[in-house]
Each structure stands twice: as structure tokens, then as C-alpha cells.
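Take a look at the structure set out below.
All of the numbers you see were taken from the coordinates with simple rules; none came from a lab. Note that the structure is a prediction, hence the values are computed from the model and not measured. In this analysis, Cβ positions are derived from the backbone assuming ideal geometry, glycine residues included, and neighbour counts consider all displayed protein chains.
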Amino acid sequence: MKEFDELTAIMKRLRGENGCPWDREQTLETLKFPLVEETYEVLEAMDTGGAALREELGDLLLQIVFQAQIAAENNEFTIRDVINELSEKLIRRHPHVFQTREDISSDQVVRNWEEIKKTEETHQDRKSAMDGIPKGLPPVMKAEKLQKRAAHTGFDWERPEEVLAKIQEELDEVREAWREEKALPEKPKTTSEIGDLLFATVNLARFLDINAASALSGTNKRFEERFRYVEEHCDLEKSDVSTMEKYWQEAKARGL
């Protein structure tokens, strides 16, 4: 595609001898944080779509083209290699579309995807179902990923009520650990039990087909909007908790 070729040519020029000093200084290491930052900006823009999403997707694409250009300079691979490998992977992992034309469920698609992945060269050294999960995933996302991997092996709950019972069990253990450690400056057992409680809550969200990270993001957004409303309607330094709670409930009633 002409537009894509123009983009890669621009990136090559920016990295070239008479290009941009900043772009020429970048390495794969220095581009790690910008990649994460651009990903989160895309996630935020996905809530509104339109021009904002278009711009952020462009910024994310830049990160991919940027890294591919660095790899090409190191004689490792080119952006065309990236695209070709992706195309081959999509065809290989969708045999029900490109080969047999089977009518299968989404769950079966996921199971097939994982089985096909195991046969690929880059996954041959994986011995555990837990292998290949990125170490740097945000904790909530990693918890969900671990649980899904375990579920694919059959290690999973059968009913939501069982997960709810587990959450109650973990909450009781948090309460008991806190009773034992509340006088201590550090609370290792309580910290561990709170981690178990959060993990169990993520498990419930997964079991109910709810994305835990998205659910928490929604709660964060509502909390921020309601607290800003409270700030706008009372002096926080002079107001007591009951006054703040009054405006909090008012914000909630307004749909914030």
C-alpha cells in the first residue's frame, strides 16, 4: 500500500544520516516506555472513538514501524518480515476459515488457537501452561491470564457460586490476618491474604465473562468524577465526612 510505504520511507529517513538527532538516538530499550504509554492512550481513545482513536492508533503504529526500522538497521528483520509472519500466523491459526470452513464456536476457536500455537517453532520450549505469559503485564491482567491458562487445562470452577464462596473465604482470612497483625508496622500475612482476595475477585469476573481490568477502570473513572463533584461543592479542609458523603451521594444520584 502506497501510504504504508511512504510511512516506512519517512521512518528510514528520520533514522538516516541526515535525519532527526532524537530519532537516531533511540534504541529498543528507550522505546519500551513510549510503547506502553501509547498503548494506554489508545485504550483511553477507544472509549470515544473517532478522530482521537485514529490519531492514537497512528502513534501506536509508529512504535511498530520505529522498532522494525531499528531491527532492519541491525540486519535482523524488516517491517515486511513482520507483516508476512503475521499474515502466515493468522492463516495458520484459523484453519476453520482458510482450510476446512468448519462452523465452530468461539470457545473452540480459542482452544484450536492454543493447540496450534504449541506446534510452532517459537513455542517449542514451553513446558508449562504458565510459560509465555509476559512478566510485565499489569497485575489484574496477569491474574486473568494465569487463570485462563489454567482453565484451558480443565483446572477451573464449575459454578459462579463456588467462586463467590471462595471470595468469602478469602475475605474471612483477610479479617483474621488483620486481627493478628494490626499492631505490627508491617503486615506480611494480611498483605498476602489481600492478594488472594483480589485474585479470587478477578477469578469471579473472568468466570462471569467480565473483563476485570475494564471493570476496575470504570470504577476508577466513577470515583474520580464523584470526588471532583464533592470538591466543587464543599471545602474539603473545613467539611466533615458526613458533608462530603452528602455530596458524594448527590453525585451518584446524578449518574456520575
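Report, in degrees rounded to the nearest 10, the 0 to 90 angle that the Cα long axis of helix 139-152 makes with the longest principal axis of the chain.
For 139-152 against the chain, the angle is about 80 degrees.
Sort the range 2-91 into rounded, prolate or oblate with this rule: let a ≥ b ≥ c be the square roots of the eigenvalues of the Cα gyration tensor; rounded if a/c is under 1.5, and if a/c is not under 1.5, prolate when a/b is larger than b/c, oblate otherwise.
oblate
In sequence order, what are the phi-derived ³J(HN,Hα) couplings for the range 61-77 according to the Karplus relation 6.51 cos²θ - 1.76 cosθ + 1.60 with θ = phi - 60°, rounded to whole Hz, with x for glycine and proline?
Values per residue, Gly and Pro as x: 4, 4, 4, 5, 5, 4, 5, 5, 5, 4, 5, 5, 5, 8, 6, 9, 6 Hz.
Any chance you could run the full-extension gain for residue 76 through residue 27? It's 0.36 nm times the residue separation minus the Cα-Cα distance, nm to one decimal.
Numbers: separation 49, 0.36 × 49 = 17.64 nm, distance 1.41 nm.
That works out to 16.2 nm of additional length.
What angle, in degrees between 0 and 90 and rounded to the nearest 10, separates the Cα long axis of helix 32-45 from the longest principal axis of the Cα atoms of the chain?
That helix lies at roughly 70 degrees to the long axis.
Measure nothing but the geometry: give the 0 to 90° angle between the long axis through the Cα atoms of 160-181 and the longest principal axis through the Cα atoms of the chain, rounded to 10°.
With rounding to tens, the tilt is 60 degrees.
Can you give me the relative contact order of the range 162-256 as a percent, contacts being Cα pairs under 8 Å and 6 or more apart?
Normalised by residue count, the contact order of the range 162-256 is 22 percent.
Once you order the gyration tensor axes a ≥ b ≥ c over the Cα atoms, which shape class does the range 205-256 get: rounded for a/c under 1.5, otherwise prolate or oblate by comparing a/b with b/c?
prolate
If you average the alpha carbon positions of the range 81-112 and of the range 159-232, how far apart do those two centres end up, in angstrom?
What the calculation gives is 37 Å, centre to centre.
On a straight-distance basis, which lysines could pair with residue 238 in a cross-link, Cα separation under 25 angstrom, same-chain partners fewer than 8 positions away excluded?
246, 252
Work out from phi, with θ = phi - 60° and the Karplus expression 6.51 cos²θ - 1.76 cosθ + 1.60, the ³J(HN,Hα) of each residue of the range 124-138, listed in order in whole Hz, and give x for Gly and Pro.
Calculated HN-Hα couplings, in order: 5, 8, 7, 9, 10, 5, 8, 5, x, 7, x, 5, x, 4, x Hz.
Tell me, what HN-Hα J-couplings in whole Hz come from the Karplus equation 6.51 cos²θ - 1.76 cosθ + 1.60 at θ = phi - 60° for each residue of the range 214-227, using x for Gly and Pro?
5, 4, 5, 4, x, 5, 4, 5, 5, 4, 4, 5, 5, 5
When the helix-only estimate is applied to the chain (DSSP H runs of n ≥ 4, each -39,500 (n - 2.57), divided by the residue count), what is the mean residue ellipticity at 222 nm, nearest 500 deg cm²/dmol?
-22500 deg cm²/dmol
Are any of the pairs 89/118; 89/145; 117/148 more than 18 Å apart by Cα-Cα distance, and if so, which?
Long pairs (Cα-Cα over 18 Å): 89/145.
Provide the net charge surrounding residue 86, with neighbours chosen by a C-beta distance below 15 Å and charges set as Lys +1, Arg +1, Asp -1, Glu -1. Please list the in-between numbers first.
Numbers: positive: 80, 89, 92, 93, 117; negative: 81, 85, 88, 120.
Local charge sum for residue 86: +1.
What number, in percent, do you get for the relative contact order of the range 45-135 if the mean sequence gap of Cα pairs under 8 Å and at least 6 apart is divided by its residue count?
So the answer I get is 12 percent.
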